[in-house]
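Presented below is the structure to which this report refers.
The values are calculated or read from the model by the stated rules, or taken from the named source; none is laboratory data. Owing to the predicted nature of the structure, the values given are computational and were not obtained by experimental measurement. Positions of Cβ are generated from backbone atoms using ideal geometry, with glycine treated the same way; all protein chains shown enter the neighbour counts.
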Amino acid sequence: MTLQQLLYVLTVSDEKSMNKAAEKLFVSQPTLTSAIQSLVKELDIQIFNRTSHGVNVTQQGQEFLTYARQLYQQYELLKNRCLPRLKSWLV
């Protein structure tokens, strides 16, 4: 599991569409789908159900997304807190 995969599933969940999420993330839809399929295979859970009207989050997916969102928020906090300091040390 990578942070990129977490960002992808969180964005799909927010957008409720693979195509809209791919546009927002500036990646192709096949790239997005492949990354999510890889994560689903690794975790052995179904996160989304795809329909002709977009995607719906499964019950397993809802639980996963709750933790994924917390984890990604912690990553963002760490990045925002430490990256400016790191940059200042490099100057």
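Scanning region 1-48 for residues that are in contact with a Leu (Cβ under 9 Å, 6 or more places away or on another chain) and of a type in the set (Gly, Ala, Ser) gives 13, 21, 22.
Residue-by-condition table, conditions (1) at pLDDT 95 or above; (2) not charged (D, E, K, R):
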position	(1), (2)
7	yes, yes
30	yes, yes
40	yes, yes
44	yes, no
51	no, yes
60	yes, yes
88	no, yes
